[in-house]
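Accompanying notes for the structure given below.
Quick note: the coordinates plus some simple rules give every number you see, no bench work behind them. All of these numbers come straight from a predicted model, not from anything done at the bench. Neighbour counts are summed over all protein chains in view; Cβ atoms, including those assigned to glycine, are modelled from backbone coordinates with ideal geometry.
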Amino acid sequence: MSTGTHERRSAPQPSSSQGRVLVAKLGLDGHDVGAKFVSRLLRDNGYEVVYLGIRNTAEAVARAVVDEDVDVVGLSMLSGSHLALVTRVFALLEAEDDDIPPVVVGGVIPTEDHEPLKAMGVRAVFTAGTPVADMIEVIADLVAERRRTGLQ
Amino acid sequence: MTGSRDDGTDDVVREARATWEKKTLEPACRRFDLERPVDRFYGPDDVPDFDFLRDVGFPGEYPFTSGPYPTQPFAAGSRGTGLIPQAKGLARAGRYSGYGTAENTAAYYAQMIADGQRAGPNVAFDLPTQCGYDSDDTHAVGEVGRAGVAIDSFEDFRTLYEPFQGELEIDKVGSNWTINAPATIIVAMYYLLAQERGVDVTRLRGTPQNDILKEFIARGTYILPPGPSMRMVRDLFTFSVTHLPKLNVVSGGGYHMREAGATRELDLGFSMANGITYLRTGVEAGLDVDVLAPRMTFNAFGGSLDLFREVALQRAARRMWAKIVRDRFGSEKERSWVLRQPNGAHMGYYNATVNRPVNNLTRAVVGGIASAMSGYGPNVEPPFDEALGLGWSREGMQMSEDAARILQYEARLTEVRDPLAGSYYVESLTDETEAAALDVVEKVESYGGSVGAIEAGYMQEAVSRSAVERTMALQTGERLVVGVNAFTTPDEIEVSVQQTSAKVYGDDEMRGAEELQIRKLTDLRRRRDGQEVARTLRSLESVAKDENRNVMESIIDCVRASCTVGEICGALRGVFGEYREDRTLVG
């Protein structure tokens, strides 16, 4: 993580961690290496990680997002089901709450699907080609943004 | 060399090595400014106990290090074959495929047959089917027909097999089903299909993956807890061996665990340990080891670019399995000791990169060379576009098939068996790999076998830990991947991988599958005899509750009554409960 990101965030923080991130495998595919690695990486960078494991329905994820009061939501999918499942997660979250934390998506996501995901409200899409430093920086920015807007 | 050497040769060589190191090697290191050499030369002193007949032997004979069969014909790149051994008299399943609805996949199979495929189907099921959910289940949203074909009922299964009739009737081709937790249901469907077509069920050849243990460790498509899952495995074993004597009963393997992060040692050790657990399960159910073992197969081990170590892994695997079946289970028939698997060494699909994707062809060729050197076809897999998440293009598939053809017909790699036999280096690696994997086997056995080790979380945690370590090594630069964390430039060339020809699977069909399957299910539920459905499901529940009974006949009754995959699995969930993985992060 760049130090610049640290300095920019001067607002008082609700917890001592860098931020609270929910990481979940959404859908039925069991490829969890990426999700586990990202969780570990975030934890090593000072984040608090709520890891939901594999085989979560959109309902289970939406419930956890509401219950866990996280700063950022990270969803991992490698089976090609991302458009349908992410649409459903947003629909459930919007029905629940108008203050949805930023959602990022990772996995095997073809380039042609990045824009449709962002149009739904996904803030960033990470694939196997994303440099780790870039991902951490995006998460830090999203946490900072969340905490700024949360204080207003 | 025909036996171990006790003539003092080793001492002479060891002494000569010491002299060489001092006189020749050290000055060279100084000249290159190296603290120690970056490579190593192996000699007979590295395998002092090597005994050719004991450790290697002839191909097709114990301990099978040099090959499972005395000779093996290959036809690299036969169209649509999945590049596995093809020869007269071999019944084989084709390339792993399936998507959308049963109708979509049947049309795809019909096209492959029109293009010359003579093999049976190698069915990829979608994730809801693999996890025992119907297409209209909440858990199935977005996944129907994605990773494979959706099979909700016997009607879908019947449709799937429509292209396989006449010359390709199901007693003439082999089938492969990548199905684990619901393997009993798929075998029940095949059994009923044969009966319906008037085909002699004793002639059916096929392989249900049925390797539920690795699902807990790596792949994640489990349904029931480990104990009851093994009850299903047991029931499938005993039913198959009696009624479907030519059907394989399990296709185990370490490759899925390797993909999920297992090291080479864990890959091999866990595969062997799982194999022991399956054999023990069958033997404890009263099966003769020499009836069961020849029906057990492995799909694949390994997966890396580390050519020599991957070849050593394959050699060690054959030797270990032979020893396990012979010595631990007292098997008397040499045929039972053969490690049967269609694939040898390979690059590992997880090593395919999104960055500079055409490099994946180079990687796959290294895997193909390793495959040939490990005693299998020179399979160049996967196609270079694997990691892009777009499905394989026809160009990608043709390039991979052509590469295999080049390795066979131009590089002539298939004209020799075990070319690395007797290499001091490879024999030494083979011994090391076997010893390390054996430690892993004993560790699993200390939990009473794989079920105990899974219940204790040992196997899952070991894989998780090494998965994170493997990925971390990429971050620290300890592991270099060209174009990913090494040799990149600020101005990466946009390598064009335009998929100019038609995709193998239709996008519209895949997207429309969920709606079509739901419509078919609604229609089926309206048409079928509801009382018969309820009766057969109740009967299954009561049989499942009695540990001493076999669920297979009840499942066949359910399938015949048009119960869905989700309903049958639901009945079993009701009896045994559902497995949820422990979500603790390790590392």
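Can you tell me the length gained on complete extension of the stretch B:Lys545 to B:Arg394, counting 0.36 nm per residue apart and subtracting the Cα distance?
Result for the pair: 49.4 nm of gain on full extension.
Roughly how far apart, in whole Å, are the Cα centres of region B:287-328 and region B:372-400?
Using only Cα atoms to place each centre, the spacing works out to 24 Å.
With a 10 Å radius around each residue's Cβ, average the other Cβ atoms per peptide and rank B:17-25, B:167-175, B:388-396, B:255-263, highest first.
B:255-263, B:388-396, B:167-175, B:17-25
Find how much the distance from B:Val482 to B:Val358 grows on full extension, using 0.36 nm per residue of separation minus their present alpha carbon separation; answer in nm with one decimal.
Full extension of this stretch gives 43.5 nm more.
Hand me the chymotrypsin sites (Phe, Trp or Tyr not before Pro) from region A:29-127 located in a DSSP loop with no more than 15 other Cβ atoms within 10 Å, in residue order please.
Those that pass, being in a loop and sparsely packed, number zero.
Measuring from centroid to centroid over Cα atoms, what is the spacing of region B:337-353 and region B:133-167 in Å?
Taking the Cα centre of each part, region B:337-353 and region B:133-167 sit 27 Å apart.
Suppose we take every Cα in region A:18-135 and form the convex hull; what volume per residue is that in Å³?
For region A:18-135, the hull spanned by Cα atoms encloses 90 Å³ per residue.
Relative contact order of chain B: what whole-number percent is it, with Cα pairs under 8 angstrom and at least 6 residues apart?
Worked out over chain B, it gives 17 percent.
Assuming R0 = 22 Å, can you tell me the calculated FRET efficiency for the pair B:Arg335 and B:Arg417, based on Cβ-Cβ distance, to the nearest 0.05?
0.70
Calculate the mean, over all residues of peptide B:220-227, of how many other protein chain Cβ atoms lie within 10 angstrom of the residue's Cβ. Intermediate values should be presented prior to the final figure.
Details: counts 9, 5, 2, 0, 0, 0, 0, 0.
If you average over the peptide's residues, the count of other-chain Cβ atoms is 2.
List the cysteines of chain B that have no other Cys Cβ closer than 4.7 Å: which are they?
Among the cysteines of chain B, those whose Cβ sits 4.7 Å or more from every other are B:Cys29, B:Cys131, B:Cys569.
Once you compute Rg and the Kirkwood Rh from C-alpha atoms, what is the Rg to Rh ratio for region B:436-542? Please list the in-between numbers first.
Numbers: Rg = 25.8 Å, Rh = 21.1 Å.
We get a ratio of 1.23 for region B:436-542.
Can you pull the mean other chain C-beta count within 10 Å for peptide B:134-145? Provide the component values of the computation, followed by the final result.
Details: counts 0, 0, 0, 1, 5, 8, 4, 11, 15, 9, 2, 1.
The mean count of partner-chain Cβ atoms within 10 Å per residue comes to 5.
Count the net charge of all other residues whose Cβ sits under 12 Å from the Cβ of B:Asp46, scoring Lys and Arg as +1 and Asp and Glu as -1.
-3
At q = 0.06 Å⁻¹, what is the log10 ratio I(q)/I(0) for chain B, with the Debye formula run over Cα points and no solvent?
One equal scatterer on each Cα of chain B leads to -0.32.
Which lysines, if any, have their Cα less than 27 Å from the Cα of A:Lys36, not counting same-chain residues under 8 positions apart?
A:Lys36 reaches A:Lys25, A:Lys118, B:Lys214, B:Lys443.
I'd like the distance separating the alpha-carbon centroids of region A:41-57 and region B:30-45, in whole Å.
For region A:41-57 versus region B:30-45, the Cα centre distance is 44 Å.
When only DSSP loop residues count, what GluC sites (Glu not before Pro) in region B:524-587 have their Cβ near at most 16 other Cβ atoms within 10 Å? Provide the component values of the computation, followed by the final result.
Values: sites: B:Glu532, B:Glu541, B:Glu547, B:Glu553, B:Glu567, B:Glu578, B:Glu581; in loops: B:Glu547, B:Glu578, B:Glu581.
Taking region B:524-587 and a limit of 16 other Cβ atoms within 10 Å, the loop GluC sites (Glu not before Pro) found are B:Glu547, B:Glu578, B:Glu581.
How many partner chain Cβ atoms sit within 10 Å of a residue's Cβ in peptide A:127-135, on average, as a whole number?
Averaged over the peptide's residues, the number is 4.
Taking amide H positions as placed in the peptide plane 1.01 Å from N, state which residues far from B:Arg146 in sequence (5 or more) or on other chains have amide H under 5 Å from it.
Sorted by chain and number, the residues that satisfy this are B:Gly100, B:Leu127.
Just to confirm the filter: which GluC sites (Glu not before Pro) across region B:403-479 are DSSP coil and have at most 14 other Cβ within 10 angstrom of their Cβ? Write out the running numbers ahead of the final one.
Working: sites: B:Glu410, B:Glu415, B:Glu427, B:Glu432, B:Glu434, B:Glu442, B:Glu445, B:Glu455, B:Glu461, B:Glu469, B:Glu478; in loops: B:Glu478.
Qualifying residues, ordered by number: B:Glu478.
Under 8 Å for C-alpha pairs, at least 6 residues apart: give me the relative contact order for chain A, rounded to a whole percent.
Working: 223 pairs, mean separation 39.9, N = 152.
For chain A, the relative contact order is 26 percent.
What are the extents of the Cα atoms of the protein assembly as shown along their three principal axes, in Å, largest first?
Reported extents, whole Å, longest axis first: 82, 74, 52.
Starting from the Cα of B:Glu410, step 7 Å along the direction of its Cβ; do the same at B:Glu442; then give the gap between the two resulting points in nm.
4.8
Could you tell me how many degrees, from 0 to 90 and to the nearest 10, lie between the Cα long axis of helix B:530-545 and the main elongation axis, the longest principal axis, of the Cα atoms of chain B?
40
Taking 0.36 nm per residue of sequence separation and subtracting the Cα-Cα distance, how much length would be gained by fully extending the chain between B:Val291 and B:Arg519, in nm to one decimal?
Numbers: separation 228, 0.36 × 228 = 82.08 nm, distance 4.39 nm.
Gain on extension, B:Val291 to B:Arg519, equals 77.7 nm.
I want to check the label-to-label distance for A:Glu94 and B:Glu578. Put each point 7 Å from Cα in the C-beta direction and report it in nm to one decimal.
With each label placed 7 Å out from Cα toward Cβ, I get 2.8 nm.
What's the FRET efficiency of A:Arg63 with B:Asp507 using the Cβ-Cβ distance as r and R₀ = 30 Å, to the nearest 0.05?
Result of the calculation: an efficiency of 0.40.
For chain A, take the longest principal axis of its alpha carbons; what is the angle in degrees between that and the long axis of helix A:132-151, to the nearest 10 within 0 to 90?
70
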